1. Mind checking which residues of segment 136-182 are open to solvent by less than 40 Å² (accessible area, probe 1.4 Å), of a type in the set (D, E, K, R) and not in a loop (DSSP other than H, G, I, E, B)?
2. When segment 72-88 is examined, which residues are found to be in a loop (DSSP other than H, G, I, E, B) and crowded, with 22+ Cβ neighbours inside 10 Å?
3. Output the residues belonging to segment 110-148 that are touching a strand residue (DSSP E or B) at 6+ places or on another chain (Cβ under 7 Å) and aromatic (Phe, Trp, Tyr).
4. Could you tell me which numbered condition ARG223 fails, if it satisfies all but one of (1) in a helix (DSSP H, G or I); (2) at pLDDT 85 or above; (3) touching a helix residue (DSSP H, G or I) at 6+ places or on another chain (Cβ under 8 Å)?
5. Which ones in segment 202-223 are open to solvent by less than 60 Å² (accessible area, probe 1.4 Å) and in contact with a Lys or Arg (Cβ under 7 Å, 6 or more places away or on another chain)?
6. So which residues in segment 44-100 are under 18 Å from ASP128 (Cβ atoms) and among the small types (Gly, Ala, Ser)?
7. Do the conditions hold for VAL242, that is, is it open to solvent by less than 60 Å² (accessible area, probe 1.4 Å), among the hydrophobic types (A, V, I, L, M, F, W, C) and within 26 Å of THR127 (Cα to Cα)?
8. Scan segment 190-201 and tell me whether some residue there is exposed (fewer than 14 other Cβ atoms within 10 Å of the Cβ), modelled with pLDDT of 90 or more and within 26 Å of MET140 (Cα to Cα).
Amino acid sequence: MRWDAQRLDVEDASTLPGMPSIRGLLRSVQVPEFPGLTFHEVRSKSALNHVPGDSAMPFPYTINPYRGCSHSCVYCFARKTHSWLEFDTGHDFDSQIVVKTNLVEMLRKELARPSWKHEHVALGTNTDPYQRAEGRYKLMPGVIRALTESGTPFSILTKGTLLRRDIPLLAESARRVPVGLGVSMAIWDDDLHAALEPGVPTPRARLDLAGATGVTVIPLHLRPGAREWFTAWLARAHPELVPRYEQLYARRAYVPAEYRTWLAQRVAPLLAKHGLDRQQGGTAGQIATGVPGDEEVGFPAGSLPSGGLPGVRPTGEPMPASAAETNEQLTLL
């Protein structure tokens, strides 16, 4: 475990018996506002996670305010990480949420070090920083301010419409440092969305967040942890599709090169039609290759817009999109 042992706060009436396997635990709590969720509040030793140089990631540092995710996406690649905390990768991942309560404090200390080189920091590379827990703990405004005040460029990848709360703050930050935002879209069909990502805001709600300047397309990948959870759901909900998925994925987590090529060819004309195959300062509309790490796509060096936030007016208000534009965007997401 990565947290030092602290104390267990038993004075609060909502405090539950502690999880001894989580070091640094302050308390475990359930509250009526978030039924079905247990928050394990911990004190973390650090806020910044260094990404190994040989990992092929397009960013050198990440921040993860939470472990586990109430979005409950059946296909989530990060499920395996919950087993490191001695939780299961299924229901526990969806409902047992670890919260780094001292995150902002630790981040400010790390950013103030003389050795800090103001390298790009990515959020949302593991679990979503704008999941439901953020509504209670409100860690992200402090993270955004700390990164901005230190002159550190950053990006956020999310499915959470709670991001809207911080748009004015992000617009202000974008005037001072390069800021990138990515909104993850996987499904448009309402029934399929409800079955596969039951804790996620609707696709329509996510599209309403802001305009898009680029699109990165990534085929489904099924790592251990997510693979078992997804294939069990597929066998229950769509047994007729099981042979096809077994053929596509066999013993691997990623689809074959032929499938990636087919997907790239299908999507490329749509990206070009909407001007999403290019963006200022870098390349957008990329078709991810399906190699390890693609699920943690951030914003490669040089592709971050400066001086403003994509799809956001200087006032912090989202740019409007016509109904036709919105519907056409859906076809390529």
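The values are calculated or read from the model by the stated rules, or taken from the named source; none is laboratory data. Here the structure is a predicted model, which is why all the values come from computation and not from measurement. When we count neighbours, we look across all protein chains shown, and the Cβ atoms used for this are built from the backbone with ideal geometry, even at glycine. Ligands, DNA and RNA are stripped out before the accessible areas are found, and what is left, the full protein with its side chains, is counted by its heavy atoms. Shrake-Rupley method; radii C 1.70, N 1.55, O 1.52, S 1.80 Å.
1. ASP166 - this is the single residue of segment 136-182 that is open to solvent by less than 40 Å² (accessible area, probe 1.4 Å), of a type in the set (D, E, K, R) and not in a loop (DSSP other than H, G, I, E, B).
2. Matches in segment 72-88: CYS73, CYS76, PHE87.
3. TYR130, TYR137
4. The number of the failed condition is (1).
5. Once the filter is applied, which keeps residues that are open to solvent by less than 60 Å² (accessible area, probe 1.4 Å) and in contact with a Lys or Arg (Cβ under 7 Å, 6 or more places away or on another chain), segment 202-223 yields ARG206, LEU209, PRO219.
6. SER44, ALA47, GLY68, SER70, SER72, ALA78, GLY90, SER95
7. In short, no.
8. Among the residues of segment 190-201, at least one is exposed (fewer than 14 other Cβ atoms within 10 Å of the Cβ), modelled with pLDDT of 90 or more and within 26 Å of MET140 (Cα to Cα), which makes the answer yes.
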